[in-house]
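Working notes for the structure below.
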Amino acid sequence: MKLRANLLLRMHRPTETRRRQSANGADADVARITVYVVNYQRDYHLPIIEEARLTLFGDHKAADVVVGVAALSPDYLIEVDAIAVVDG
C-alpha cells in the first residue's frame, strides 16, 4: 500500500526525530495529533494511520483527529501535525 509506506516513512524521518529531541520532548509529551489525508476513506485509511501511530507512540494515546482534504501541497497524500507540551 503506497499510503502505508509513505506514512511510515514520513513518521520515521531522522529530521523529525532530531526536531523532537532538540525541543527536549519525548513521545509521551505529545498531547494532540491532527492527520490530514487526501481523499480520506475511513475504512481504508484509519487502520493504516492507527498502525503508524502505534509504531511511533506505542501505548501513548494522544488526542487525535483525522481530517479529509481535497489536496495538500506539494502533492502530499498525508500531513501530520503534532503538538507536544514540555516543561522549560
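Stretch His60-Ala28 to full length: gain in nm at 0.36 nm per residue minus the Cα-Cα span?
Gain in length upon complete extension: 10.9 nm.
Whole-Hz Karplus ³J(HN,Hα) for segment 73-86, in order, using 6.51 cos²θ - 1.76 cosθ + 1.60 and θ = phi - 60°, x for Gly and Pro?
In residue order, the calculated couplings are 10, x, 6, 6, 9, 8, 9, 10, 10, 10, 10, 10, 10, 10 Hz.
Collect residues whose amide H, placed 1.01 Å from N in the peptide plane, falls under 5 Å from the amide H of Ala84; neighbours closer than 5 in sequence don't count.
The list, which skips near neighbours in sequence, is Ala31.
Just round it to a whole percent: the fraction of Cα-Cα distances in segment 26-85 exceeding 13 Å.
62
Long-range amide H contacts for Tyr40: which residues qualify at under 5 Å (H placed 1.01 Å from N, peptide plane, sequence gap of 5 or more or a different chain)?
Under 5 Å from the amide H of Tyr40: Val69.
Laboratory data are not the source of any read-out in this text; all were calculated from the coordinates shown. For clarity, every value in this text was computed on a predicted model and none was experimentally measured.
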